[in-house]
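The values are calculated or read from the model by the stated rules, or taken from the named source; none is laboratory data. What you see is a predicted model; the values in this text were computed from it and never measured. Reconstructed Cβ throughout: ideal geometry from the backbone, glycine too, with neighbour counts over all protein chains shown.
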Amino acid sequence: MSLFRRFEIFWAALPAAWLLTTSLVADTVFLKNGAWIDGRVKARNDKTIQIEIGKIGRMEIAASEVYEIEKNNRSGEEAFARKPGDDGNIVQQPTKEKSESEGTSEEEAGGTTKSGETKGSKEEARKDAEKSPASAGKEDPKAKIDPALKSRIEELVTELQRQKPQNRTRAERHLKAIGAPAIPYLLPLVKHESDLTRVAAMRLLNDFGDETAVETCIDALLDSNEYVRDLANKTLEHITHESFGYEAQASPRRRETAQEKWRKWWEAEKEELAKEKELSAQAR
């Protein structure tokens with residue numbers, strides 16, 4: 001075959017190969033607040049990262065907000081990111097990638113909705129909510145958790161610690177459906193080594209935490225992650241209806257001062273609650 005013919009075949013084949021590559025290669029930018037964005041990273045430096053999101057266009061993100069950038073096969077055509085505070089969940093563009101805990105993909109298991117949730121996972125979340133004592137109205141807080149529910153919570157807490165976003169997102173959604181019975185299992189995760197796991201645990205405590213989470217949240221006011229600190233303060237204010245001027249973005253010295261105010265208030269509150277309990281017992 002002549003050199004000219006080889007050159008002609010090469011250029012004829014190049015556009016198809018180029019299109020295949022550009023349609024498959026993409027990036028997922030994971031943010032420190034637990035959200036992520038599918039698209040293509042076009043430019044990056046020490047301060048900013050530019051990512052192109054399908055037909056939406058380009059957006060610029062501060063490099064300090066980025067936890068990790070992953071290469072994958074999502075095109076980013078309909079991808080978007082949601083931050084904590086919208087509804088407590090994170091929605092990811094659906095993929096056919098198999099999760100670590102399942103033998104089949106989400107689409108194979110039950111079909112995928114536009115929001116990235118599967119029909120099967122929605123049904124599981126509904127069943128979790130039905131099994132939760134919180135869904136049946138106010139229950140005795142000292143009542144023992146049903147063994148089946150306990151096993152389910154432990155399984156979901158394990159999933160919440162996985163690296164794959166799909167596992168964490170699904171686990172967070174189901175734990176939110178279960179509610180208060182999951183609190184004792186979430187408290188240790190607030191000190192987990194992974195920022196993403198700590199943020200997810202604090203989001204859940206912010207949704208349905210009670211007084212048993214106060215001390216853990218006070219400790220979390222000095223967490224290294226700003227989002228954990230901010231959620232911890234919001235959770236404290238929500239549970240106690242108190243505020244001590246804490247700001248997650250403040251200097252370490254100011255954060256320590258505000259945390260100390262929270263701690264002193266809680267110690268005094270516990271003493272008062274103990275006295276009231278003692279008086280109540282004597283009155284009986």
Filter the stretch 232-258 for residues that are farther than 18 Å from residue 216 by Cβ and small (Gly, Ala, Ser); which is surrounded by the most Cβ atoms within 10 Å (Cβ to Cβ)? 250
Please work out which residue is farthest from residue 193 (Cα to Cα), limiting yourself to the stretch 231-267 and to residues that are of a type in the set (Asp, Glu) and in contact with a helix residue (DSSP H, G or I) (Cβ under 9 Å, 6 or more places away or on another chain). 242
Could you tell me whether residue 156 is in a helix (DSSP H, G or I), touching a His at 6+ places or on another chain (Cβ under 8 Å), farther than 19 Å from residue 67 by Cβ and not β-branched (Val, Ile, Thr)? yes
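Which members of the stretch 195-217 meet the condition of being small (Gly, Ala, Ser) and more than 16 Å from residue 156 (Cβ to Cβ)?
Scanning the stretch 195-217 gives 209, 213.
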Contact list, first residue from the stretch 169-195 and of a type in the set (Asp, Glu), second anywhere and outside any helix (DSSP H, G or I), beta-carbon distance below 7 Å, six or more apart or interchain, is 172/89; 172/160; 195/32; 195/67; 195/225
Here is a check on your reading of the model: is residue 102 in a helix (DSSP H, G or I) and either modelled with pLDDT of 90 or more or on the phi < 0 side of the Ramachandran plot (or both)? no
Do we find that residue 135 is surrounded by fewer than 19 Cβ atoms within 10 Å (Cβ to Cβ) and either modelled with pLDDT under 90 or not in a loop (DSSP other than H, G, I, E, B) (or both) in this structure? yes
